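What follows is a short report on a single structure.
The values are calculated or read from the model by the stated rules, or taken from the named source; none is laboratory data. All figures in this text were calculated on a predicted structure; none of them were measured in a lab. Note: ideal-geometry Cβ built from the backbone for every residue, glycine included; neighbour counts use all protein chains shown. Keep in mind that these areas ignore ligands, DNA and RNA; they rest on the heavy atoms of the full protein, side chains included. Shrake-Rupley method; radii C 1.70, N 1.55, O 1.52, S 1.80 Å.
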Amino acid sequence: MDYKELESFAKEIRVNIVSSICSIGAGHIGGSLSIVEALTLLYKKHMKIDPANPKMEGRDRFVCSKGHAGPAVYAVLAEMGYFEKSELLTLNQGGTRLPSHCDMNKTPGIDMTAGSLGQGMSCAVGIALGAKLKKDGARCYCIIGDGESQEGQIWEAALFAAHKKLDNLIVFTDYNKYQLDGAIEEINNLEPLAEKWKAFGWNVYEVDGNCLEGLDKAIIAAKANTGKPSMIVMHTIKGKGIEFVESAKGGCHSMSVSCEQRDCAVNEIRGGLC
Amino acid sequence: MLKEKLMKEVFTDFIKENILADERIIIVDADLSKCIGSNPLEKDFPDRAINVGISEQNMASVAAGLASYGFIPFITSFGPFATRRICDQIMISICYAQQNVKIVGTDPGISAELNGGTHMALEDIGVLRSIPHIVIYEPTDNVEFAAMLPQIRDHNGPVYIRMFRKCPPVVYKEGDTDFNLFKAKVYREGKDVTLVATGLMVSTAIEAAKQLEEDGISAEIIVCPTIKPIDSETIIASARKTRAVVTCENHNVMGALRSAVAEVLCEQCPTVLQSVGVKEQFGEVGKMPYLRKVFHMEAADIVVAAKKAIGLK
């Protein structure tokens, strides 16, 4: 699959995200848009999965530890055929299978529940360990937030994954530089982030997380790596791909989306004028 | 003989047998495997007895990940660190996510003795009891514990085991097997007052019943090892008969046995209720006889509470 095709897929994911969030009027749009390229590459290219059989034995797992990016994951799952795209418009409605934060007991294709920050990464470590014990060759992919990296549990998990040499674990940091209350560097700086992961014994890549080609190369390299878990620090833009969201910077963590803004965004994503 | 064993040996023997027999069983420790007795398992079964080091949050969520992969992990630590320290990991990674993880917290209540107040879990049951569907079990003695462990393994869902580590008082006869994880047991029949007891307080309640008998009072004893879900049927049947109830627990009286029994009685069979247990105090260091005295958890305290309950009928 070439990058042009992946780029088209990513565009549809962004359309799905803004449409589903608009259907309920507001949501975690900024941190959903920033991880679209990572999800596109994982689900369209790298993960061993079967949308017709979401619980397939030996499948690769994905844990969205920054659980509030549920709308991005649902956008991909629907596009992959795990459920009908029309269901995206039930996001956060009472009785929905698509709650704000990922829930493995509600949504086909979700491998782990997350929402209380820091925990999903430890769960991913447990999954990678389980795959090693079962020797089924499965990998576990996980995306953590940059703000989430302020949680102590992230570093407990980091230490243990390296100790267990979990080279079937590939974690991405969505380093979009903003957390709910503002800029990471002003609230509780993470720098030097890549060096921290190296010091914890991880195989570390640092890439533009919104560039398909560069990110793809990092994933390919991480998959080939042995003896260590891999961390891909993705420099991303919060709200990437939709101007009114992107320009809100820190304000786009969770924001309202009107029908007019959605229509404008869909045009913008598909290359038209707003 | 089970009665000669430490309770932690009953647990580790069960884990060892099950590691050999059942490929789903895994034990996860957080640097207390030498205290809990699982240390040799880490040498014999390095894949199935895992030590995450001093990181209880990570232990709980890693176990949830393993459970999602089909394993049945037993996570272990001292009571306070296996519960109140990781309450949210138990809530979200394990219970909300419906992962089949068993949580073992050792040294319940005042049995933490010389580790003192910081290590004395007097609120662990209270912390966990409001989490939907979790089962909370406190073994009475080794005979009952050995019979319950397979039921705990076979129950598909989170279970908290509040485990004494040392050699516990003997309550049941060797060979008794009639135990149901979800049923309380009428250990001794009586007509004047009901003593509902858990864990280490069961043998204290038995002693108290003997003292009460000398005073002409007939006490019924209900052993209630599973605090959640509580066996309301057995408690109500006894309360209807005696019309006076005393709860006896090695825990703060808020949130655990007394609260559970009070909820059952208030809603279904209003009955005079008194309680023996820790009341609005933090733990402190000391040996068991001293701690029983300062926290008013001796047989004599149960006798006083029973007489008060009878007087309030």
For this session: Considering each residue of the stretch A:146-189, count those that are over 19 Å from the mean Cα position of the chain (by Cα), of a type in the set (A, V, I, L, M, F, W, C) and closer than 21 Å to residue A:249 by Cβ, and give that number.
Result: 2
Seminar exercise, completed: Condition set touching a residue at least 12 places away in the same chain (Cβ under 8 Å) and either more than 8 Å from every other protein chain (Cβ to nearest Cβ) or open to solvent by 30 Å² or more (accessible area, probe 1.4 Å) (or both), scope the stretch B:45-58, selection nearest to residue A:115 (Cα to Cα): answer is B:57
Exercise. Is there a residue being within 13 Å of chain A (Cβ to nearest Cβ), in a helix (DSSP H, G or I) and modelled with pLDDT of 95 or more anywhere in the stretch B:67-77?
Worked result: yes
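Tell me the residue from B:95, B:87 that is surrounded by fewer than 24 Cβ atoms within 10 Å (Cβ to Cβ) and either free of Cβ contacts under 8 Å to residues at least 60 places away in the same chain or at the interface with chain A (Cβ under 7 Å from one of its Cβ atoms) (or both), please. Write out each step before concluding.
On the way: B:95 fails: either free of Cβ contacts under 8 Å to residues at least 60 places away in the same chain or at the interface with chain A (Cβ under 7 Å from one of its Cβ atoms) (or both).
Unique residue meeting the criteria: B:87.
Determine, yes or no, whether residue A:113 is among the polar types (S, T, N, Q), assigned to a loop (DSSP other than H, G, I, E, B), within 14 Å of chain B (Cβ to nearest Cβ) and within 17 Å of residue B:101 (Cα to Cα).
On the way: among the polar types (S, T, N, Q): yes; assigned to a loop (DSSP other than H, G, I, E, B): yes; within 14 Å of chain B (Cβ to nearest Cβ): yes; within 17 Å of residue B:101 (Cα to Cα): yes.
It is true that residue A:113 is among the polar types (S, T, N, Q), assigned to a loop (DSSP other than H, G, I, E, B), within 14 Å of chain B (Cβ to nearest Cβ) and within 17 Å of residue B:101 (Cα to Cα).
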Seminar exercise, completed: Going through (1) under 15 Å from the mean Cα position of the chain (by Cα); (2) over 30 Å from residue A:113 (Cα atoms); (3) surrounded by 19 or more Cβ atoms within 10 Å (Cβ to Cβ) one by one, residue B:160 fails only at (2)
For this session: Could you look through the stretch A:61-82, keep only residues that are closer than 22 Å to residue A:132 by Cα and in contact with a Leu (Cβ under 8 Å, 6 or more places away or on another chain), and pick out the one that is surrounded by the fewest Cβ atoms within 10 Å (Cβ to Cβ)?
Result: A:62
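Just name the residue that is surrounded by the fewest Cβ atoms within 10 Å (Cβ to Cβ) out of those in the stretch A:116-155 that are in a loop (DSSP other than H, G, I, E, B) and touching a residue at least 60 places away in the same chain (Cβ under 8 Å). So that I can check it myself, show each step before the final result.
Initial filter on the stretch A:116-155 (in a loop (DSSP other than H, G, I, E, B)): A:116-118, A:135-139, A:146, A:151.
Applying the additional criterion that residues be touching a residue at least 60 places away in the same chain (Cβ under 8 Å) yields A:136-139.
Numbers: A:136: 13, A:137: 11, A:138: 21, A:139: 23.
Among residues in the stretch A:116-155 that are in a loop (DSSP other than H, G, I, E, B) and touching a residue at least 60 places away in the same chain (Cβ under 8 Å), the one surrounded by the fewest Cβ atoms within 10 Å (Cβ to Cβ) is A:137.
How many of the residues in the stretch A:182-207 are touching a residue at least 60 places away in the same chain (Cβ under 8 Å) and either acidic (Asp, Glu) or touching a Pro at 6+ places or on another chain (Cβ under 7 Å) (or both)?
Restricting attention to the stretch A:182-207, the residues satisfying the condition of being touching a residue at least 60 places away in the same chain (Cβ under 8 Å) are A:182-183.
If we keep only those that are either acidic (Asp, Glu) or touching a Pro at 6+ places or on another chain (Cβ under 7 Å) (or both) too, we end up with none.
Number satisfying all stated conditions: 0.
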Exercise. Which one of these is free of Cβ contacts under 8 Å to residues at least 60 places away in the same chain, in contact with a His (Cβ under 7 Å, 6 or more places away or on another chain) and either under 19 Å from residue B:19 (Cα atoms) or open to solvent by less than 10 Å² (accessible area, probe 1.4 Å) (or both): B:73, B:80?
Worked result: B:80
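Check the stretch A:90-105 and report whether any residue there is within 13 Å of chain B (Cβ to nearest Cβ) and closer than 21 Å to residue A:41 by Cβ.
First, the residues of the stretch A:90-105 that are within 13 Å of chain B (Cβ to nearest Cβ): A:99, A:101-105.
After this cut, where a residue has to be closer than 21 Å to residue A:41 by Cβ as well, the list is A:102.
Scanning the stretch A:90-105 turns up at least one residue that is within 13 Å of chain B (Cβ to nearest Cβ) and closer than 21 Å to residue A:41 by Cβ.
Can you give me the number of residues within the stretch B:128-155 that are among the polar types (S, T, N, Q) and surrounded by 24 or more Cβ atoms within 10 Å (Cβ to Cβ)?
At the first step, the residues of the stretch B:128-155 found to be among the polar types (S, T, N, Q) are B:130, B:140, B:142, B:151.
Next, from what is left, pick out any that are surrounded by 24 or more Cβ atoms within 10 Å (Cβ to Cβ): B:140, B:142.
Adding up the residues that qualify gives 2.
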Problem set entry | Members of the stretch B:106-133 that are touching a Phe, Trp or Tyr at 6+ places or on another chain (Cβ under 6 Å) and in a loop (DSSP other than H, G, I, E, B) | B:107
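Residue-wise test of (1) among the aliphatic types (A, V, I, L, M); (2) at pLDDT 95 or above; (3) farther than 14 Å from residue A:15 by Cα.
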position	(1), (2), (3)
A:205	no, yes, yes
A:216	no, yes, yes
A:221	yes, yes, yes
A:241	no, yes, no
A:249	no, no, yes
A:266	yes, yes, no
Seminar exercise, completed: Counted residues in the stretch A:2-54 being at negative phi, part of a loop (DSSP other than H, G, I, E, B) and open to solvent by 10 Å² or more (accessible area, probe 1.4 Å) come to 10
Exercise. Can you name the number of the only condition in (1) assigned to a loop (DSSP other than H, G, I, E, B); (2) touching a helix residue (DSSP H, G or I) at 6+ places or on another chain (Cβ under 7 Å) that residue B:178 fails?
Worked result: (2)
For this session: Pull up the stretch B:1-30, narrow it to residues that are among the charged types (D, E, K, R) and surrounded by 15 or more Cβ atoms within 10 Å (Cβ to Cβ), then point me to the one that is nearest to the chain's Cα centre (by Cα).
Result: B:8
